[in-house]
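Participant: Can you read through this structure? Questions will come right after.
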Amino acid sequence: MFQDKEKISVNQAFMLVIAGGIGNIFLVYVNPAVKDAGRDGWLSVLIAYTMSTLLGLVLVNLGLRFPDKTFIQYLPVVLGKFIGKLIGLAYVLCWMVMNPIIIRDFMDLMRFFLPTTPQLLIGSLMYILVIYVAYKGFEVYARTAELFVVIVLFSILLLMIGISPNVDYGSLKPFLENGFSPVSKSLLVQFPFAAETILFMALWYPCMSQMKKGKKCVLIGVPIAGLVLVLLFITVIAFTGPAMAAELTSPVFYMVRYIHISDFISGFEALFMLLWVSSIYLELLVFFYQPLIGLAQWLNLKDYKPLIIPGAIINLMLSLIPANVVQASYLDTLKNPYIILPMAALIPLMWMVAVIRKLDESNK
């Protein structure tokens, strides 16, 4: 299959882990965390990414047993051909849900900047870039991630520095005012969000030129992504307060309008656009890749490229189903406990089955 030909470096793998971990942070992650855990939502994010790191280590151990196969390919080996194929198809269908929601979020927020431009045209232009990279192959995916992850992280840093004079960290007190129960409830959404990068890794891990260094990528990459999100969450709460943060669809866009330097330099919405469009493009690449590769391998195709254009068209059509941005954001949150969480829970289960059955192809 393709992973025999397309190899990526350890640094590229590291950036891919961060790319999947950051995700579409500017629309969906603050709001549900605040609604469930209030001002303590940052703690649920921190715990979620710690759990995701452990999940990643389990995936790496599982993947090392099947070094020439992706998750879809060794599912039938571990669980049996019929059950493995059935669950593999369910995984592919679940991954297909993600990309339409991402592109819909992009099209909806672009209405603030291009109110008269048709949504479908905006989405199509973005997908042209995605399709171009997809045809170039997975190595180009990885190189693109190397560039855009740096842009996103640097932009987040500038944002937090620029807004720092206007924040009040007293909004984070009292700590655990309602106990730990709201934080644990928030994990039902936050852990699946954090686990998305591990599920993404399940399909590219065999492409690593040095697979044994996958643990290093997980141990460094996932915590970095989690730390960035924790700091951004704290900044949002300290600037807006928990009540307002729970109502804002895009708190980052709200904050960036209040950045002023020397009381007369403002208008940093362009920074937000750079940050947000880069993040959206990166996430589209990440989650466009999964169903393509998964479906191609499920069908035992030699190449995934014939699926690229049909996949892009289907994603665009599905993205038009939600009536508005509220519905799209609700679907994005809803998918976490009901789609991503079961997918993530299967990884340690499969590892246990592989250990019990003593399945190991690494020495063959």
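The values are calculated or read from the model by the stated rules, or taken from the named source; none is laboratory data. From a predicted model like this one, the values you see are computed outputs, not experimental measurements. We place every Cβ from the backbone using ideal geometry, glycine too, and count neighbours over all the protein chains shown. What goes into the accessible areas is simple: the full protein's heavy atoms, side chains included, and nothing from ligands, DNA or RNA. Shrake-Rupley method; radii C 1.70, N 1.55, O 1.52, S 1.80 Å.
Participant: State whether the residues of region 326-344 include one that is open to solvent by 30 Å² or more (accessible area, probe 1.4 Å) and assigned to a loop (DSSP other than H, G, I, E, B).
Facilitator: no
Participant: Mind listing just one residue for me: the one in region 170-218 that is under 29 Å from VAL97 (Cβ atoms) and of a type in the set (Ser, Thr, Tyr) and, of those, surrounded by the fewest Cβ atoms within 10 Å (Cβ to Cβ)?
Facilitator: SER184
Participant: I've got another one for you. Among the candidates VAL45, VAL58, which residue alone is closer than 17 Å to LEU341 by Cβ and open to solvent by 10 Å² or more (accessible area, probe 1.4 Å)?
Facilitator: One residue alone meets the criteria, VAL58.
Participant: If you don't mind, another one. Taking into account only those residues within region 87-123 that are of a type in the set (S, T, N, Q) and crowded, with 16+ Cβ neighbours inside 10 Å, which is farthest from ILE340 (Cα to Cα)?
Facilitator: Filtering first and then ranking leaves GLN119.
Participant: If you scan region 132-149, which residues turn out to be free of Cβ contacts under 8 Å to residues at least 40 places away in the same chain and either hydroxyl-bearing (Ser, Thr, Tyr) or out of contact with any helix residue (DSSP H, G or I) (no Cβ under 7 Å at 6 or more places or on another chain) (or both)?
Facilitator: TYR132, LYS136, LEU147
Participant: How many residues are modelled with pLDDT under 90, closer than 21 Å to ALA195 by Cβ and among the β-branched types (Val, Ile, Thr) if we restrict to region 326-364?
Facilitator: Count: 3.
Participant: Quick one: would you say LEU93 is over 30 Å from ASN11 (Cβ atoms) and part of a helix (DSSP H, G or I)?
Facilitator: yes
Participant: Please enumerate the residues belonging to region 96-155 that are aromatic (Phe, Trp, Tyr) and either closer than 24 Å to LEU229 by Cβ or not in a helix (DSSP H, G or I) (or both).
Facilitator: Once the filter is applied, which keeps residues that are aromatic (Phe, Trp, Tyr) and either closer than 24 Å to LEU229 by Cβ or not in a helix (DSSP H, G or I) (or both), region 96-155 yields PHE106, PHE112, PHE113, TYR141, PHE148, PHE154.
Participant: While we're looking at this one, here's another question. Would a scan of region 235-258 turn up a residue that is open to solvent by less than 10 Å² (accessible area, probe 1.4 Å), in contact with a strand residue (DSSP E or B) (Cβ under 7 Å, 6 or more places away or on another chain) and either at pLDDT 85 or above or more than 24 Å from ILE151 (Cβ to Cβ) (or both)?
Facilitator: Taking every residue of region 235-258 in turn, none turns out to be open to solvent by less than 10 Å² (accessible area, probe 1.4 Å), in contact with a strand residue (DSSP E or B) (Cβ under 7 Å, 6 or more places away or on another chain) and either at pLDDT 85 or above or more than 24 Å from ILE151 (Cβ to Cβ) (or both).
Participant: Right, here's the next one. Quick one: in region 3-26, which of the residues that are open to solvent by less than 10 Å² (accessible area, probe 1.4 Å) and not in a helix (DSSP H, G or I) is modelled with the lowest pLDDT? Walk me through how you get there before you give the answer.
Facilitator: So the first thing to find is which residues in region 3-26 are open to solvent by less than 10 Å² (accessible area, probe 1.4 Å), and the list is 3, 8, 13, 16-26.
From the residues that got through so far, the ones that are not in a helix (DSSP H, G or I) too are 8, 23-26.
Values: ILE8: 86, GLY23: 65, ASN24: 58, ILE25: 58, PHE26: 54.
Selected residue: PHE26.
Participant: Can I ask one more? Return the residue satisfying two criteria in turn: it lies in region 219-228 and is under 11 Å from ILE18 (Cβ atoms) and in contact with a Ser or Thr (Cβ under 9 Å, 6 or more places away or on another chain), and of such residues it is most open to solvent (accessible area, probe 1.4 Å).
Facilitator: PRO223
Participant: Still on this structure: So which residues in region 65-81 are touching a Pro at 6+ places or on another chain (Cβ under 8 Å) and open to solvent by 20 Å² or more (accessible area, probe 1.4 Å), if there are any at all?
Facilitator: Within region 65-81, PRO67, ASP68, LYS69 qualify.
Participant: Criterion first (among the basic types (Lys, Arg), part of a helix (DSSP H, G or I) and at pLDDT 90 or above) does LYS35 satisfy it?
Facilitator: Here the answer is no, as LYS35 does not meet what is asked.
Participant: Let me ask something else about it. Select from region 156-186 the residues that are over 30 Å from VAL277 (Cα atoms) and in a helix (DSSP H, G or I) and write down the one among them that is modelled with the lowest pLDDT.
Facilitator: GLY170
Participant: Let me ask something else about it. Which ones in region 271-302 are among the polar types (S, T, N, Q) and crowded, with 21+ Cβ neighbours inside 10 Å?
Facilitator: SER279, GLN290, GLN297
Participant: Separate question: Quickly run through region 135-192 and pick out the residues that are hydroxyl-bearing (Ser, Thr, Tyr), within 28 Å of VAL256 (Cα to Cα) and under 17 Å from the mean Cα position of the chain (by Cα).
Facilitator: The answer is THR144, and nothing else.
Participant: Can I ask one more? Taking ASN324 as the residue in question, decide whether it is touching a residue at least 40 places away in the same chain (Cβ under 8 Å) and touching a Phe, Trp or Tyr at 6+ places or on another chain (Cβ under 8 Å).
Facilitator: Here the answer is no, as ASN324 does not meet what is asked.
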